[in-house]
Amino acid sequence: MSVPVVVSILGKEYQVACPEEEREALITSARMVHQNMEKIRATGKVVGLDRVAVMAALNLAHELLTLQQDEGQDIEKINNKIVQLKERVSAFLDEDRQLEL
């Protein structure tokens, strides 16, 4: 069931409907957007709320992509380590079998 949640971003309030179990995530997301937009606006390099919002969206999307790529690399590293360990165990077992014969 969706519930209305009011979030504030750069002094403006927005009412957003979301499932009750996602309420805290929405509030945290709105806080992140607010902080990112505030930081961009404070530089004075970007004029206009719509441009600040677009820059904030681009920054957050970039952060998300970077995290996804890093996570993918971590999984690849873990998989490589597992393969190495399997090879070492196989080699050890092969040596052990040869000693028994």
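Note on the chain: dipole from Cβ charges, positive end direction compared against Ala53, Val89, Pro19; the farthest Cα belongs to Ala53. Taking all protein chains as they are arranged and a probe of 1.4 Å, the heavy atoms of His34 leave approximately 40 Å² accessible to solvent. If you roll a 1.4 angstrom probe over the protein chains with everything in place, what fraction of the accessible area of the chain belongs to carbon and sulfur, to the nearest %? Heavy-atom surface of the chain belonging to carbon and sulfur, 1.4 Å probe: 56 percent. When Ile27, Ile78 are compared by accessible area at a 1.4 angstrom probe, the order from most to least is Ile78, Ile27. Rounded to the nearest 10 degrees, the inclination of helix 23-43 to the longest alpha-carbon principal axis of the chain is 70 degrees. Angle of helix 49-100 to the longest C-alpha principal axis of the chain, folded into 0 to 90 degrees and rounded to 10: 10°. On a per residue basis, the chain carries 84 Å² of accessible surface, using protein heavy atoms and a 1.4 Å probe. Binning all Cα-Cα separations of the chain at 10 Å, short to long from zero, yields these whole-percent fractions: 13, 24, 21, 14, 10, 9, 7, 2. Residues whose amide H falls under 5 Å from that of Cys18, counting only those 5 or more places apart or on a different chain, are Val3, Val5, with hydrogens built in the peptide plane.
The values are calculated or read from the model by the stated rules, or taken from the named source; none is laboratory data. Everything numeric in this text was worked out from a predicted model, so none of it was measured. Backbone-built Cβ (ideal geometry, glycine too); neighbour counts: all protein chains shown. When the accessible area is computed, the model is the full protein with side chains, heavy atoms only, and any ligands, DNA or RNA have been set aside. Shrake-Rupley method; radii C 1.70, N 1.55, O 1.52, S 1.80 Å.
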